[in-house]
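Down below is the structure, laid out as structure tokens.
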Amino acid sequence: MTERLYYRDGYLTRFHARVVDADAARTRIYLDRTAFYPSSGGQPFDTGTLGGIPVVDVIDEGERVAHVTSAPVTEVDVEGVVDQERRFDHMQQHTGQHLLSAVFVELLDAPTVSFHLGAETCTIDIQRDSLSADEVRRVEMRANGIVTENRPVTVTFHDAREDLGLRKASEREGELRVVSITDLDRSACGGTHVRTTGEIGPILIRRLDRIRGIERVEFLCGMRAVVRARRDFEALQSVSRALSCPLDEAPALVAAQQERLQSAEKARARLATELAKSEGRDLWSSSAPGASGRRFAFRTVPALNDETRALAQGFVAGASSCFIAIAEDPPGVLLATSADSGLHAGNLLKTAVTRHGGRGGGNSALAQGTVPSKDALDAAREELGRDVE
Ligand SMILES: [Zn+2]
């Protein structure tokens, strides 16, 4: 059984231990005692070195803790060194989680159902259908208030049968490790924690995600909160610079700009359609009737869109006329005919594209279809041309 030194002292990052077991490759190491925290309870494992060899994973096997190293550990008596910066960051996030979960219960009667400590952000899942912006602000203010009060965070050991007044009942039997924040919270926990709430540093709540009756709350503590707040500020500052407005006015200005952009886009589309229709009419005026007595125009366009349809309709608004447009990517064809042309656009186009493996149709005046390839497009276009010219 491995003695877990981090149970008694979360600040211990250098220790001496004896290798009591290892696998054949001597890269899975078991010690008589360890300060390395194995992944559990939502908190990731510690990194560091054992006898100078990097530790790349630490696994909780129940009775024992396995240390996975990147090279064989050949010594029997080793010095373990835990990466202090990573460990302290985990202690800040983890203690901040206890505090935040307790405040969610205190102010909103909303229990925490799970916790995740990630490489960049942490989340807790709160049993709540929704959280308002005002509730989030209140919880954040209260949590940071308790940070500034610098309350002691203590670890005690108890018999699990005692009435311990825990925030969340524990199913463990035997000895329970209880982590307390003075006058706020008592939780059964095997993780590593700071000694006072002041060491948690600032607590910043960020995004919320609703997942089936659960609200997932993203938060950051300590230096993570400082780094994130700086990045948030820089992003917002670049937006406000681009808009030449004060920071606090940026959101309203972005919303107003977006509205203007949408109405400008609508006006542009309407004008483009009108212009295309007018171009179609001009094209009809400047073209001469062919052998069939009909006027005919053909265009290759980037896409068969509203503008193309307007161009076609402008052209066939003139007497005895027919218009074909093709787009190459994806391969598509459009056919428009005037009412007096004696041609049925829908029937002609459907026959032509179906014969070349495509599909499409329309009414007697306007039809559109797609074909599977460039070759099929050329063939369908030629066939249609012969039908109508
Ligand atoms: Zn804990």
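From ARG224, ARG172, ARG212, which residue is charged (D, E, K, R), closer than 29 Å to LEU12 by Cα and open to solvent by 50 Å² or more (accessible area, probe 1.4 Å)?
ARG172
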* Identify the residue in the stretch 156-182 that is within 37 Å of the chain's Cα centre (by Cα) and of a type in the set (D, E, K, R) and, among all such residues, is nearest to the ligand (Cβ to nearest atom). => ARG177
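Could you check the stretch 31-80 and list, in sequence order, the residues that are assigned to a loop (DSSP other than H, G, I, E, B), touching a residue at least 60 places away in the same chain (Cβ under 8 Å) and more than 19 Å from ARG8 (Cα to Cα)?
Within the stretch 31-80, the first condition is being assigned to a loop (DSSP other than H, G, I, E, B), and the residues that meet it are 32, 35-39, 41-42, 44-47, 51-52, 61-64, 70-76.
When the remaining residues are screened for being touching a residue at least 60 places away in the same chain (Cβ under 8 Å), the result is 37, 41-42, 44, 63-64.
Hit for the stretch 31-80 is GLY42, nothing else.
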* Go through the residues of the stretch 198-207 one by one and say whether even a single one is at pLDDT below 95 and surrounded by 11 or more Cβ atoms within 10 Å (Cβ to Cβ). => no
* Asked: In the stretch 183-195, what residues are within 11 Å of the ligand (Cβ to nearest atom) and touching a residue at least 40 places away in the same chain (Cβ under 8 Å)?
  -> ASP185, SER187, CYS189, GLY190, GLY191, THR192, HIS193, VAL194
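From THR148, THR95, which residue is over 16 Å from ILE214 (Cβ atoms), open to solvent by 70 Å² or more (accessible area, probe 1.4 Å) and polar (S, T, N, Q)?
On the way: THR95 fails: open to solvent by 70 Å² or more (accessible area, probe 1.4 Å).
After applying the criteria, what remains is THR148.
Does the stretch 249-257 include one or more residues that are closer than 30 Å to GLN237 by Cβ, of a type in the set (A, V, I, L, M) and in contact with a Cys (Cβ under 7 Å, 6 or more places away or on another chain)? Give the steps one after another, and end with the answer.
Keep residues of the stretch 249-257 that are closer than 30 Å to GLN237 by Cβ, which gives 249-257.
From the residues that got through so far, the ones that are of a type in the set (A, V, I, L, M) too are 250, 252-256.
From the residues that got through so far, the ones that are in contact with a Cys (Cβ under 7 Å, 6 or more places away or on another chain) too are 253.
Yes: the stretch 249-257 contains one or more residues that are closer than 30 Å to GLN237 by Cβ, of a type in the set (A, V, I, L, M) and in contact with a Cys (Cβ under 7 Å, 6 or more places away or on another chain).
Every residue in the stretch 250-291 that is hydroxyl-bearing (Ser, Thr, Tyr) and touching a strand residue (DSSP E or B) at 6+ places or on another chain (Cβ under 9 Å), please.
Applying the first criterion (hydroxyl-bearing (Ser, Thr, Tyr)) to the stretch 250-291 yields 263, 273, 278, 285-287.
Hit for the stretch 250-291 is SER287, nothing else.
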* To do: Consider GLY41 carefully, then state whether it is among the small types (Gly, Ala, Ser) and open to solvent by 40 Å² or more (accessible area, probe 1.4 Å).
  => yes
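The values are calculated or read from the model by the stated rules, or taken from the named source; none is laboratory data. Treat the numbers as computed from the prediction; the structure is a model and nothing was measured. Neighbour counts run over all protein chains shown; Cβ positions are idealised from the backbone, glycine included. Just so you know, the surface numbers come from the protein's heavy atoms only, side chains and all, with ligands and any DNA or RNA stripped out. Shrake-Rupley method; radii C 1.70, N 1.55, O 1.52, S 1.80 Å.
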